[in-house]
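In what follows, a single structure is set out as structure tokens and then discussed.
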Amino acid sequence: MSDIILGIGDYGASKSPGSIVKTYALGSCVAVTMYDPGLRVAGMVHIALPESKLNPAKGVDCPGYFADLGVPLLFEEMVRMGCQRKGRGLVVKMLGGASVMAGNDTFNIGKRNILAVKKILWSLGMGPTAEDVGANHSRTVSLYVDTGLVTVSCPGRGQWQI
Amino acid sequence: MEPRICCENIREAIEKLPMLSPNVSRLLQVMSDEDYELDDIVNIVKYDAVLTAKVLKTVNSPVFGLLNPVTSLDRAISYLGKWMVVSIILSDNTGDLFSQPLEGYEGQQNALWRHDLFAAFSCSEVARLAKQNFETELAFTAGLLHDIGKFVFAPFWKQAAPEALKRIAEGSIADYLAAERALAGMDHAQIGYEMAKHWEFPQPLQQAILYHHTPQNAPEEYRALAFAAHIGDMCAMMAGCDTGNDGMQYPLDDGYAEYFDVTSNSLAQILIEAEAQFKKAISSLSFEEEVD
Ligand SMILES: [Fe+2]
Ligand SMILES: [Fe+2]
């Protein structure tokens, strides 16, 4: 199978028919998916923290770990696979960014990730057309290359799509 | 409301647990001694051929990219560091405690091990941020053992878990720990504490296990350790290393601020560091081969 499984800080795109791009258990991390319906190119990045200035060395090592570097890199990857540089026609979705219960703001990394992703998407002239973010549960996300369908699952909560 | 699960059955299951291997008991004892040395750990490993082989196999795994194979135990242990060695001893001597799928929590095989390992590395990072005198050595082990109660509890919990999630979602029960208590009469922290007593863990570890979700209630002398375990647990869940359907369904006790200097910035560093260590541990301890 040519499925792509992404760990924390990984990004990748695929145009192999029948394959999926998938990431497990997002927690406070955020996944951004990009899909070009015309070319059937599907990409995703699994972001752990909002900004690379938190730890520049890690940013060099694993840029996908941070929203400010990971989202543009995913976009570059989509362009490399043939998508338009303007980002026109790309379907962008955002998932994850959960938090523990009644957490104070210090621990709300999920919220900071969501805001950072939105900000960087805007600066690229894009915005999420759908999102499934926040709350107190983890999410496993699959993006289907053939259809652009995004499914989400969580233990005890079944599976749904956005 | 009447609990659905009989506490007596849970207690019976704890009584029936096999004793821990002498190596684990010795290790926990050694580590709760304030001024133990790396040598004390070497001494546990060196008389156990299987353990020695496992330590050498780990240090020579491709993750560490060593040019020349390490064949001496001393060198292997000083290279791997004591946390990795503690992890090897515990994973190797606790049967399926950490690896068995957690039925009631819908946790996959090895989910408890992954969760506890991530929590443990986070705990030792948290320990560095202590505001006052803090016995940092036990933080890692407390993180590793904090959720052992789930091992005994999971099979009993299966029948009640869907109800628990429903009640939390509709707001009639505040969080997962409260749900366990309401529906089973006991929660996994209390069960873990009973197991720790059964196995005669050192007192600080017993207390950290009992209070890892309610650190503010811990006796003063163990409170900082309970908070370290609490924060480490939260970090693991935030990083997606949870144990199943209870992931992130617990409240944060922000009393940690009195003991640890955790800011949004230092929290980010904790997560980065813990994840790096976790990744190395997971791929070098090679238990992951059994998954998938
Ligand atoms: Fe717990
Ligand atoms: Fe936990």
- Query: Mind listing which trypsin sites (Lys or Arg not before Pro) in the range B:157-218 are in a DSSP loop and have 15 or fewer other Cβ atoms within 10 Å?
  - Reply: B:Lys158
- Please average, across the residues of B:241-249, the number of beta carbons from any other chain that are within 10 Å of each residue's own beta carbon, and give a whole number. 6
- Only loop residues by DSSP count here, and only those with at most 16 other Cβ atoms within 10 Å; note down the trypsin sites (Lys or Arg not before Pro) in the range B:6-94 that meet that. B:Lys16
- Message: Can you compute the modelled spin-label distance between B:Gln109 and B:Ala276, with each label point 7 Å from Cα toward Cβ, in nm?
- Response: 3.2 nm
- Note on the structure: Computed for A with B: buried accessible area summed over both chains, 1.4 Å probe, rounded to 100 Å², at 2500 Å²
- Cα-based reach from B:Lys197 at 21 Å (exclusive), listing lysines while leaving out same-chain residues under 8 positions away: B:Lys16, B:Lys150
- Message: Run lengths n ≥ 4 of DSSP H only: what is the helix-derived mean residue ellipticity at 222 nm for the protein assembly as shown, with -39500 (n - 2.57) per run over all residues, to the nearest 500?
- Response: -14000 deg cm²/dmol
- Task: Heavy atoms only, probe 1.4 angstrom, no DNA, RNA or ligands counted: give me A:Thr33, B:Thr52 ranked by accessible area, highest first.
- Result: B:Thr52, A:Thr33
- Rounded, prolate or oblate: pick one for the range A:4-161, where a ≥ b ≥ c are the square roots of the eigenvalues of its C-alpha gyration tensor, a/c under 1.5 means rounded, and failing that, prolate if a/b is larger than b/c, else oblate. oblate
- Query: Label points 7 Å out from Cα along the Cβ direction at B:Asn60 and B:Lys16: separation in nm?
  - Reply: 4.1 nm
- Using only atoms on other chains, find how many Cβ atoms lie within 10 Å of each Cβ of peptide A:103-111 and report the average. 5
- Taking the dipole about the Cα centre of the range B:7-284, with the C-beta of Lys and Arg at +1 and of Asp and Glu at -1, give me whichever of B:Thr214, B:Met31, B:Leu97 is farthest to the positive side. B:Leu97
- Item | Helix B:188-198 axis, angle to chain B major axis (alpha carbon atoms, nearest 10°) | 50 degrees
- Note on the structure: Under the 7 Å Cα-to-Cβ spin-label approximation, A:Ala57 and B:Glu163 lie apart by a distance in nanometres of 5.2 nm
- Dipole magnitude of the range A:4-161 about its Cα centre (Cβ charges: Lys, Arg +1; Asp, Glu -1), debye to nearest 20: 220 debye
- Message: Pick from B:Ala189, B:Ala179, B:Ala228 the residue whose mean-square fluctuation is largest in a GNM of chain B, springs joining Cα atoms under 10 Å.
- Response: B:Ala179
- Work from the charge dipole of the protein assembly as shown (Cβ charges, +1 for Lys and Arg, -1 for Asp and Glu, about the Cα centre) and give the residue of B:Pro69, B:Leu271, B:Phe201 farthest towards its positive end. B:Leu271
- Message: Ignoring ligands, DNA and RNA, please state the percent of accessible area on the range B:7-284 from carbon and sulfur, probe 1.4 Å.
- Response: 48 percent
- Whole-Hz Karplus ³J(HN,Hα) for the range B:120-128, in order, using 6.51 cos²θ - 1.76 cosθ + 1.60 and θ = phi - 60°, x for Gly and Pro? 4, 5, 5, 4, 6, 5, 4, 4, 5
- Task: Hand me the trypsin sites (Lys or Arg not before Pro) from the range A:118-158 located in a DSSP loop with no more than 16 other Cβ atoms within 10 Å, in residue order please.
- Result: A:Arg157
- Note on the structure: the range B:107-149 scanned against label point 7 Å out from B:Glu34 along Cα→C-beta; backbone N under 18 Å for B:130-139
- Subtracting the Cα-Cα distance of B:Tyr79 and B:Val50 from 0.36 nm times their residue separation yields 8.5 nm
- Check A:Val41: other-chain or 5+ apart residues with amide H under 5 Å from its amide H, H built from backbone geometry? A:Asp36
- Query: Just from the alpha-carbon atoms, what are the Rg and Dmax of chain B in angstroms?
  - Reply: 18.6, 63
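The values are calculated or read from the model by the stated rules, or taken from the named source; none is laboratory data. Note that the structure is predicted; figures quoted are calculated from it, not measured. We place every Cβ from the backbone using ideal geometry, glycine too, and count neighbours over all the protein chains shown. Calculation scope for accessible area: heavy atoms of the full protein, side chains included, ligands and nucleic acids excluded. Shrake-Rupley method; radii C 1.70, N 1.55, O 1.52, S 1.80 Å.
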